[in-house]
Structure formats: C-alpha cells, structure tokens
C-alpha cells in the first residue's frame, strides 16, 4: 500500500511539473515519444496499431496508471546547446567558454561576474541575478549587460532555494549572490538541477564542487592623476582553479571593465602567468 501511494504522489508531482513547464514555455524533451497523430504498433498483436500514448504534459494528474506508462521525460542534453562565449581576456582561463550545466564561481570582483554575464546575454542568453542586493541596473548596463535579457531578484528571502530552482528551469544563466541563504545541501541540489536543465550556474560566493573557480586578486587602478581625474580601469590578476580540465591552476592579468561585446579591441599587454612551484613568483 505504501508503494502504491508513493507512486501516485510521484505521478502527481510529475504532472504538476509538466503543467508548469507548459505554462512557462520551458522546453520538454520526450525520450522515444512519437507524434500525437502517429500510430504505434501493438507488440501483443502483430500487424495492428494503437494510438500513441498521450504526452506527459496533457495527462490528468489523477491518472497514475497513464503517467507511469507515458514516455519518460529526460533532460535536454547540454551537448545539444553549445557553451556561452566569455570575454576575450578570459579565453585562456576558460577555453571551453561558460559551459551549460556547470557551476562557475567568480570570487572577489562583481565587475568580473558582470562581464561574464554581458557576453552571455550578447549571444542571446537570458540571465538573472539572485541575492545581489547591491547590484543595480545602471552598473549592469555599464558593464554591457543587455537589460532586455536580464532580471534582478535582490532579496529572495528564506525561500531562496525554491526561487533558484524555478529560475534554473527556464533561464540560461543564473547568478547567485551572497544574499541568497543556502545550505550546502541546497547548493548540491541546485548544481545537479543545472546539469539536468542545461543552465549555466554562476556564483559570487564560495561553492563546493564548482567546475571552475575564478578568483580575482587585488585591483590596481588607473586614471587618477596628481589630484585630478577619476578611476577609469583596473588591472586584476585572475586565478583559475576547479575540476576536470580546470584542475591545473593558472592565472592571467585582465583589465576591467571588459570592452562591450562585439566591440573590436586591439591586442593588449595581457599576460598569462604560468604556475610556479609553491605558488611563489619573482617580484621587483
């Protein structure tokens, strides 16, 4: 009896999720699903045909048997959607781009995170920033973010995990800031959900298990003269660590803010720093 009730609850949950995806326009992939008007052969009677099983999105929640016999819904493979581009100064650090389904941590610089968002939006992606109460639309626009493809949720509150789970389902890039209270278990579940949905999870806080970690060091500002002028650019050393192909630490000096996406910038004196033994390097 317990097993039957568990199956019924799971069936109702899948039906509710399918209905929500249908309302929001989220893409659904059915494994082995045939068109609704195509007949399906009945293996029990050779040469006969029967109507195809109804799609998951239109099955009534109370019909548990129909749900269990419907085709199993699978996630959209990330290989079907190419990675998102990154700013040219970061191509050495992120040769695979901003990978969908992966978690990327950008620490120490909000400008660096906004630059990554700007180039993702320029390629047609939709982005949202959650838990970044000090991030304004003006700063995002000045960093090159397309505001027509960008949304802000400054303070998600105690339901931050639920809010982020819903956004990961339908947004290409989800930026998570320190204002989103999450436990380690929530972070693991969100990373798994991003892999399933093919979303790029970006965070400005420490995130256990992140695929790529970009850590910006102290900034060296320029533009101010002897008592006059204003800050124009800053040069930071960005150190990359992570997992898989990013397991070997490397770093590069980049100039912020990045040039707007699509604007040609002549090659500058950006230097890639090779890894040295013990993390030491010669200065002076």
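The values are calculated or read from the model by the stated rules, or taken from the named source; none is laboratory data. Computed from a predicted model, the values in this text were never measured in an experiment. Neighbour counts are summed over all protein chains in view; Cβ atoms, including those assigned to glycine, are modelled from backbone coordinates with ideal geometry.
Scanning the stretch 207-266 for residues that are more than 15 Å from residue 87 (Cβ to Cβ) and touching a helix residue (DSSP H, G or I) at 6+ places or on another chain (Cβ under 7 Å), we see that the one that is surrounded by the most Cβ atoms within 10 Å (Cβ to Cβ) is 207.
Would you confirm, using the coordinates I've provided, whether residue 223 is modelled with pLDDT under 90 and either assigned by TED's automatic domain parsing to the domain that holds residue 83 or closer than 23 Å to residue 165 by Cβ (or both)? So residue 223 fits the description; yes. Of the strands (runs of 3 or more DSSP E) lying entirely inside the stretch 84-195, those carrying at least 2 residues that are over 17 Å from residue 208 (Cβ atoms) are 127-130, 150-153, 173-176.
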